[in-house]
Amino acid sequence: MNGSEHRRLMDEIGIWLQEGLISGEQAARLRERYPVPASKNWALVVTSVFGSLLVGLGIILLLAHNWDDLTRPVRAGLAYLPVLAALGLCAWYVFSDRSSTGWREGLGTFLGLAVGASLALVAQTYQVGGTFRALTLAWMLLILPSVYILDAVMPALIYLAGITGWAVGQSSCQDNPTGYWLLLGGLIPFLIWTRRRDPGGIRNGWLMWGTALSMIGGVATCMHTHEPVLWFALYAAFFAVCLLAGELWDRPGVSLWGRPLTLLGGFGMGVMVFLYSFLWFWNDMNRDIQYYGWRRTEWQEATDIAQVAVFMVLYVVLLVLAFRRLKGWPFRLAACFPLVAVVLVALNQVLEGHAIIPAVLMNGYAFVLGLLVVAEGVRETRLDNMNAGLVLLAALLISRFFDADMSILGRGLAFIGLGICFLAANAIMIRRRRAL
C-alpha cells in the first residue's frame, strides 16, 4: 500500500467512525493494522539524479577544456576516469549494504552517462571507425547489467531511450531494426521484478511509461512497409494489447496516470477511431503505395507480416483472458476495436470504390462507444470517464462539421452548443458527487 492509498483508507475510517458504522475501538484496531507506509524521499531521488547529471557534465567540460593539448595516451587515460569513478562508487554502494533509493538512482544515472562518455572519448582519441548506431548499441549493452546490480530505474530508462534511438537509426538507414525486440527482452525480467515488489509505486510507473513509449517507437521502426492495411492492423492490435494488459495487470484503485498501459491503450485507440472516421483514410487503403523508397525484399515482407501476426495473436489471447474482467460495456466494446477494424478493412477491400460504407460504419462505432463511455461515467459519477466520452463525441462531431458543407455561422453555433453541453454535463456531475 502506497502513501496515497493509505491516506484514502484513513479518511474512509474517519468517515465510518462519524457515521457510526464502526466503534472507536474498531477504528483504532484498523489504524494499527494499516500503519503509515515507509515513505521514500523522492526529493532526494530527484536531486541525486540531477546532481549526477551535473557532475557528469562538469567532468566532460573539464576534460574538453584542454583536450587538444593533451597527448593520446593521456587522453585515453582520462577517458576512462569517469567510468572508473562511477564503478568505484557503485562497488562501494553495493558492498556497503545500503538501501537508499536516492543513491541507487543517482549512481545508476552517473554510471550510464559515464559509460557513454568514455566510449565516445576513446573512439575520438583513436579515430575508431564505425557509426553512432554501433556506439549506441555497445553503450546500451554495457549499462544493462547496472540496472539489475543497482536495482535502479534511471539506467533502465536510459537503456530504453538508447535502444529506441538505435532502432530508429537502423530503420532510417534501411538496416535491420528487429534486434530491438531482443534488446527489449533483456529488460523484461527487471520489469517483472519491479512490478511484483511495488505495483503501485512511482518507480514502477516511470518504468512502465518508459517501456510503453519505447515500444511505440519499436513497433513503428520495425515495419518496413508503407501499406496502410498492415499499419492499421498493427497499431489496432498494439493499442488493444496495451489496454487489455493494463486491465489485467494494472493495480486497481491507482490513478489513471499510474496505469500507463491502460491510458496509452485507450488514448491510442481513441486517436485511431477518430482518424479512421474520415473518408480519405479508407480511400488510401485501396492505393498501391507500399514499399516506395525502400529496397523491397521477401525478408522485409515476412518480418512485417510476422510482426502483425504476433500482435494479433497476443491480442486474442489477452482478450480471452481479460474479457470477463473488463468493467462495463464501454471497455468491452473498446477492446473489440481490432476485430471491428479487421471486418471493416475486409469490407473496404471487397467494396473497392465504395469507401463511404466502412467510413460510415466506423463513425457509428465511434458514436456508440462515446455514448457508452459517457453513460458509464454518469452512472459511476466518474468525471474522467464522462469527459473522455464527451471528448470522443465532440471530436467526431467537429470533424463531421468540417466535412459537411456548413456555413461559418452554422459551425460557430454548433461549437457553442457543444461547449454548453460540456459545461452542463460537468456541472451536473459535480453536483451529483457533492450530493453523495
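The values are calculated or read from the model by the stated rules, or taken from the named source; none is laboratory data. Computed from a predicted structure; not experimentally measured. As a convention, Cβ positions derive from the backbone with ideal geometry for all residues, glycine included, and neighbour counts pool all protein chains shown. Side chains are part of the model used for accessible areas, which takes the heavy atoms of the whole protein and leaves out ligands, DNA and RNA. Shrake-Rupley method; radii C 1.70, N 1.55, O 1.52, S 1.80 Å.
Overview of results
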{"item": "List Val316, Val115, ordered by accessible area with a 1.4 Å probe, largest first", "result": "Val316, Val115"}
{"item": "When the range 147-253 is reduced to its Cα atoms, the Kirkwood hydrodynamic radius in Å", "result": "14.9"}
{"item": "Most to least packed among 136-147, 103-114, 79-90 [average Cβ atoms within 10 Å]", "result": "103-114, 136-147, 79-90"}
{"item": "Efficiency of FRET from Cβ geometry, Val74 and Trp329, R₀ 56 Å, rounded to 0.05", "result": "0.20"}
{"item": "In range of the label at Val271: residues from the range 159-176 whose backbone nitrogen is under 11 Å from the point 7 Å along Cα→Cβ", "result": "none"}
{"item": "Sequence of Trp282, Trp329 from largest to smallest accessible area, 1.4 Å probe", "result": "Trp329, Trp282"}
{"item": "Stokes-Einstein translational diffusion, the range 85-205 - Kirkwood Rh over all Cα pairs, 0.890 mPa s, 25 °C, in µm²/s", "result": "159"}
{"item": "Gain on full stretching of the segment that runs from Asp97 to Val320 - 0.36 nm per residue minus C-alpha separation", "result": "75.8 nm"}
{"item": "Protection proxy ranking of 366-374, 190-198, 12-20 - average other beta-carbon atoms within 10 Å, highest first", "result": "366-374, 190-198, 12-20"}
